[in-house]
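Reading through the structure tokens given below for one structure.
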Amino acid sequence: MNHGTMSGLIDLSWVDLALASALVLVAIGLSQWQRLGLARGFVIGAVRAVVQLTIVGYVLAFLFATRRWYLVVLALLVMLVAATKTATDRQRSPVGSISAITGLAMLVGTGLTLAYVDGVVLRLHPWYDPQYVIPLFGMIVGNAMNGAALAAERLTSEMELRRGEVEAYLALGASPARAAAEPVRRALTAALIPAVNGLMVVGLVALPGMMTGQILAGSSPNLAVRYQIMVAFMLAGAVAITSTAMVLWYRRRFFTPAEQLVVRAEV
Amino acid sequence: MPSESAFTLRAVDQERAGRRTLSGVDLDLPRREVVALVGPSGAGKTSLIRLLNRLDDPVAGTIAFDGTAIDDVPIRELRRRVGFVFQTPVMFTGTVRSNLETAVALAANGRQLPDVAEGLRLAGLDDSFLNRDADRLSGGERQRVSLARALMTAPEVLLLDEPTSALDPEVAEQLMLTVRRLADDVGVTIIMVTHRLEEARSASTHLVLLEAGRVIESGRTSVMFSSPNEERTRGYLLGRDRLS
């Protein structure tokens, strides 16, 4: 087999991948044996993984080759829209669709974070260098998406659970912001705890994917670690900004202009 | 001409979750009295008092507070002038004192407000309660704390939504004496929903009977119980009286 190296990394051919697929076949065989009904899922999943990643590979190769700022920005927007859709698809909001505020909160949280990392931390030249911008934004968006979804879900349930308290505040002449302060605080805490935990356990429980990849690619472990530290900080910031924007905008939906609690449409 | 009525309602309709709860309500609720709203469950009593400090807005009709269209009064000012005590008292996290101080902080904009011990006394609790954890009080004590909390904004009107429904009869009776004293001594207009006719008879000076979202009759409590104009009033007040 051809194991020639390129930039320190062993070349992986389609033949090698065919050998790797034996491991999925093992998974399919085990699920058949145990009658899990997952064989079909594994087959479809494996095919989708191959097709999707191959397409992504071509797209990335195209972006790296063309190096046009507007194509890079377009790619970032597509990632943002896909993440917004994922974050809102499973959401059940009592006060109407939340796609717009989710998208806007993610745009603010991920945009500010990427701009800071790009312009201040890494000082990229050009600023849209796709080799950095696209993978970094992928990580930022993925985490911001989870933060936004958690924050929205928790705010919905806290507002329902505490509607008596919220109305008691309103009835005393409190602003909606004051009346919803406790639900907002709890929703934000729920959204941020994974970010805190992420910082706590990084390197202990799991070696992060980016660092692993860099080390595989032949980078020195020390440089890989410094990148990973930057990534951990970056993700904490992105999640915090996105969740806060999400909760503060979403909160307004629960109140009418006359500062009344919006009644949940009875199903 | 200064308004004799605390609230004037004209042709008020209300809906909740797609269901009509009030239909064409015309009502004058007199100031400086204890007004009881009575009627069978589902009559629209709670729907009605929720309109009076705009926890909800009606789908049609007009409401005036103190002679002014209610939506012309700034909403937070209205809610400080018109307090609301809920059927199930909600305690804010912390001590009784912090519950009352929360209300003071919301209302304090140059107005003379009662101090917390005074508010507590008006609600019938002594100041040994100030440092108690609000979450550990009995149902009756919680209802008194929420009454005191509503008093901290020095309201002209207090709306009480079935304040005694979760209380034992003796505790309920004590609370009603307190409410009556508030009206007599402090001059607060009280508008309360109750399903206990005996309570309405003994504590209120003005009575409104609602049924299926409509006002059947409104008048002085003593007159309503002794010689009502409407046959249905007689049937409800005297027929149901034995049962409740």
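Read-outs: derived from the displayed coordinates by stated rules, not from any lab. Being a predicted model, the structure only gives us computed values, none of them experimental. Positions of Cβ are backbone-derived with ideal geometry, glycine not excepted, and every protein chain shown enters the neighbour counts.
Please work out the Cα center distance from segment A:214-228 to segment B:13-75, rounded to the nearest Å.
Cα centroid of segment A:214-228 versus Cα centroid of segment B:13-75: 68 Å apart.
Can you give the Rg and Dmax of segment B:104-244 based on its C-alpha atoms, in angstrom?
17.0, 52
7 Å from Cα along Cα→Cβ at both B:A60 and A:V43: what's the point-to-point distance in nm?
6.3 nm
Give the average over all directions of the projected area of the C-alpha convex hull of chain B, one decimal, in nm². Walk me through the numbers before you get to the answer.
On the way: hull surface 53.3 nm².
Reported value for the Cα convex hull: 13.3 nm².
Which residue, A:M234, A:M159, A:M200, has the most motion in a Gaussian network model of chain A that connects Cα atoms within less than 10 Å?
A:M200
Hey, could you pull the Cα Rg and Dmax for chain A, both in Å?
For chain A, the Cα radius of gyration and maximum Cα-Cα distance read 22.6, 78 Å.
Filter chain A for me: DSSP H helices, axial length by Cα at least 18 angstrom, mean Kyte-Doolittle hydropathy not below 0.0. List them by residue number. Don't skip to the end; give the middle numbers.
Details: long enough: A:14-33 (28 Å, 1.63); A:39-66 (40 Å, 1.66); A:69-89 (30 Å, 1.58); A:99-116 (25 Å, 1.43); A:130-161 (46 Å, 0.54); A:181-201 (30 Å, 0.91); A:221-252 (47 Å, 0.88).
Membrane-span-like by this rule: A:14-33, A:39-66, A:69-89, A:99-116, A:130-161, A:181-201, A:221-252.
What distance in nm lies between label points placed 7 Å from Cα along the C-beta direction at A:A177 and A:L112?
1.5 nm
Counting only C-alpha contacts under 8 Å and six or more residues apart, can you give the relative contact order of segment B:3-43 as a whole percent?
40 percent
Pick from B:A17, B:A212, B:A105: which residue has the top mean-square fluctuation in a GNM of chain B where Cα pairs under 10 Å get a spring?
Highest fluctuation among the options: B:A17.
Add -39500 (n - 2.57) for each DSSP H run of 4 or more in chain B, then divide by its residues: what number comes out at 222 nm, to the nearest 500 deg cm²/dmol?
Roughly -8500 deg cm²/dmol at 222 nm, from the helical runs in chain B.
Note down the relative contact order for segment A:59-204 as a percent, whole number, built from C-alpha pairs under 8 angstrom at least six residues apart.
For segment A:59-204, the relative contact order is 25 percent.
How about segment A:76-148: which trypsin sites (Lys or Arg not before Pro) there are in a DSSP loop, with at most 12 other Cβ atoms within 10 Å of their Cβ?
Listed in order of number, the matching sites are A:R90, A:R92, A:R123.
Picking from A:L30, A:L76, A:L216, which is most flexible by a Gaussian network model of chain A using Cα springs under 10 Å?
Its mean-square fluctuation being the largest, the pick is A:L30.
So for the protein assembly as shown, taking the charge dipole from beta-carbon charges (+1 Lys/Arg, -1 Asp/Glu), which of A:A27, B:Q87, A:M106 sits furthest toward the positive end?
A:A27
Quick one: which residues, 5 or more positions from B:G39 or on another chain, have an amide H under 5 Å from its amide H? H modelled 1.01 Å from N in the peptide plane, none for Pro or chain starts.
HN-HN under 5 Å from B:G39: B:L210.
Percent relative contact order of segment B:37-106, based on C-alpha pairs within less than 8 angstrom and at least six residues apart?
Contact order relative to length: 21 percent.
How far, in degrees from 0 to 90, does helix B:169-181 lean away from the longest principal axis of the Cα atoms of chain B, to the nearest 10?
90 degrees
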